[in-house]
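Asker: I have a structure here, written as structure tokens, and I will follow up with some questions on it.
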Amino acid sequence: MHITIKSITMRKILLVLIAALTVCGSELKAQDSTAAPEPVVKKKKSFVKNTFEGNFLIDNQSVMVPIKGTFEFDINHRFGTMDHNFTDLFGLFASANMRLGFSYTPIKNLQIGFGAGNYNMLVDWNAKYSILKQTKDNSMPVSVTYFGNVVMDTRAKNSSLPIVTTSDRFSFFNQILVARKFTEALSVQGGFSISHFNNVPAYTNAENAILPQLKNDQLAVSFSGRYKISPKTSIIVNYEQPLTQNAMNNPHPNISFGLDMKSSGHDFQVFAGTYGYTLPQYNNMFNQNDYTKGQFLIGFNISRLWNF
């Protein structure tokens, strides 16, 4: 009798354990079936690279902003016009405009710089910011960049200069650039700019009234392109059209074309065009070189880059 009761008791214990394990297994299965799905990892955007070879497109900036930590040294040089032929060896012996510039990219997408040139002893401070970048999947089809500068005429004040107050020394330039890289060889860019001079030249009319020759603000549009003919060499072209009409001395447009040659740390451009200044607002406001009269000039841009 004792053996029978003990057997029954063991059976009951085993049944209870089996029932408990069955319930636990069901609960575990229920928990597994209601587990949250794994989070979807967003695919990182992949941007188009090397829309242009460097910062400059002849007389314009490009949409390119160097990577963070890049220090750049620039030389911008413009000879005289070629319309005097051998008299000054097609402008090579004529007076020239030159600018030395330095820039640095302290944070991603932002470049700041400083420059100085021999024309009117001009010094400039500039900034360039990449607003949008073209993506490889075309979710963003273009790159958009802002460029702006402040320029100061540092010549000593005298009666022959249109400088009365310190404010008269300053001019400003603001530009929005939009570009697209269509293929590995072809890239195209358009720009819209506004140049402002606090003081402009004046003239005296028949009634002895002093009137400004030019408006203080000058609007302009530009169109540029690059076509690679080898991995390191490109044909570059640029057209810029001032839009604002003045009382006199309306500026002439710029037509320019040349070659861009790139190495790992250098970018060299040599070209012919009708803009003779090294700063954009001076070109857009004062250019009197007329392409219909053959008043082209030879120029070059040299850039040297270091990464820190």
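The values are calculated or read from the model by the stated rules, or taken from the named source; none is laboratory data. Since this is a predicted model, take the numbers as computed values, not measurements. Heads up, the Cβs are rebuilt from the backbone with ideal geometry, glycines too, and the neighbour counts pull from every protein chain shown. Heavy atoms of the whole protein, side chains included, go into the accessibility calculation; ligands, DNA and RNA do not. Shrake-Rupley method; radii C 1.70, N 1.55, O 1.52, S 1.80 Å.
Asker: Could you tell me which numbered condition Tyr227 fails, if it satisfies all but one of (1) in contact with a Leu (Cβ under 7 Å, 6 or more places away or on another chain); (2) surrounded by 18 or more Cβ atoms within 10 Å (Cβ to Cβ)?
Answerer: (2)
Asker: Quick test of your reading of the structure: Glu240 fulfils all but one of (1) in contact (Cβ under 8 Å) with a residue 24 or more places away in the chain; (2) closer than 28 Å to Ser167 by Cβ; (3) of a type in the set (Asp, Glu); (4) open to solvent by 10 Å² or more (accessible area, probe 1.4 Å). Name the failing condition by number.
Answerer: The failed condition is (4).
Asker: Further question: Select from segment 40-54 the residues that are surrounded by 15 or more Cβ atoms within 10 Å (Cβ to Cβ) and farther than 15 Å from Lys133 by Cα and write down the one among them that is farthest from the chain's Cα centre (by Cα).
Answerer: My answer is Glu53.
Asker: Which residues, taken from segment 287-303, are outside any loop (DSSP other than H, G, I, E, B), surrounded by 14 or more Cβ atoms within 10 Å (Cβ to Cβ) and either free of Cβ contacts under 8 Å to residues at least 60 places away in the same chain or under 20 Å from the mean Cα position of the chain (by Cα) (or both)?
Answerer: Of everything in segment 287-303, those that are outside any loop (DSSP other than H, G, I, E, B), surrounded by 14 or more Cβ atoms within 10 Å (Cβ to Cβ) and either free of Cβ contacts under 8 Å to residues at least 60 places away in the same chain or under 20 Å from the mean Cα position of the chain (by Cα) (or both) turn out to be Tyr291, Phe300, Asn301, Ile302, Ser303.
Asker: Could you pull out the residue among Ala116, Ala94 that is out of contact with any Ser or Thr (no Cβ under 8 Å at 6 or more places or on another chain) and of a type in the set (A, V, I, L, M, F, W, C)?
Answerer: The unique qualifying residue is Ala116.
The rows are residues; the columns are (1) closer than 26 Å to Met121 by Cβ; (2) hydroxyl-bearing (Ser, Thr, Tyr).
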residue	(1), (2)
Pro231	no, no
Val237	no, no
Gln241	no, no
Asn250	no, no
Asn254	yes, no
Ser263	no, yes
Tyr277	yes, yes
Tyr282	yes, yes
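Asker: Name every residue in segment 254-286 that is assigned to a loop (DSSP other than H, G, I, E, B), within 26 Å of Ile194 (Cα to Cα) and open to solvent by less than 20 Å² (accessible area, probe 1.4 Å), in order of residue number.
Answerer: Thr274, Tyr275, Gly276, Leu279
Asker: Based on this model, can you work out whether His77 counts as more than 15 Å from the chain's Cα centre (by Cα), farther than 15 Å from Met261 by Cα, part of a strand (DSSP E or B) and not small (Gly, Ala, Ser)?
Answerer: In short, yes.
Asker: May I pose another question? Which residues, counting only those in segment 56-74, are in a loop (DSSP other than H, G, I, E, B) and either open to solvent by 10 Å² or more (accessible area, probe 1.4 Å) or aliphatic (A, V, I, L, M) (or both)?
Answerer: Passing the criteria: Ile58, Asp59, Val63, Met64, Val65, Pro66, Ile67, Lys68.
Asker: Determine whether Leu161 is modelled with pLDDT of 95 or more, open to solvent by 20 Å² or more (accessible area, probe 1.4 Å) and not charged (D, E, K, R).
Answerer: When the stated conditions are applied, Leu161 does not pass them.
Asker: Taking the criterion of being touching a His at 6+ places or on another chain (Cβ under 7 Å) and open to solvent by 30 Å² or more (accessible area, probe 1.4 Å), would at least one residue in segment 98-117 satisfy it?
Answerer: yes
Asker: Say we look at segment 191-216 and pick out the residues that are without any contact (Cβ under 8 Å) to a residue 40 or more places away in the chain, surrounded by 13 or more Cβ atoms within 10 Å (Cβ to Cβ) and touching a Ser or Thr at 6+ places or on another chain (Cβ under 7 Å); which of these is farthest from Gln288 (Cα to Cα)?
Answerer: Across segment 191-216, the extreme among qualifying residues is Asn198.
Asker: Here are the criteria: (1) under 24 Å from Thr244 (Cβ atoms); (2) surrounded by 16 or more Cβ atoms within 10 Å (Cβ to Cβ); (3) not charged (D, E, K, R). Tell me which single one Val188 does not satisfy.
Answerer: Every listed condition holds for Val188 apart from (1).
Asker: Among the residues of segment 171-183, is any more than 26 Å from Ile236 (Cβ to Cβ), in a strand (DSSP E or B), open to solvent by less than 50 Å² (accessible area, probe 1.4 Å) and at pLDDT 95 or above?
Answerer: The answer is yes; a qualifying residue exists.
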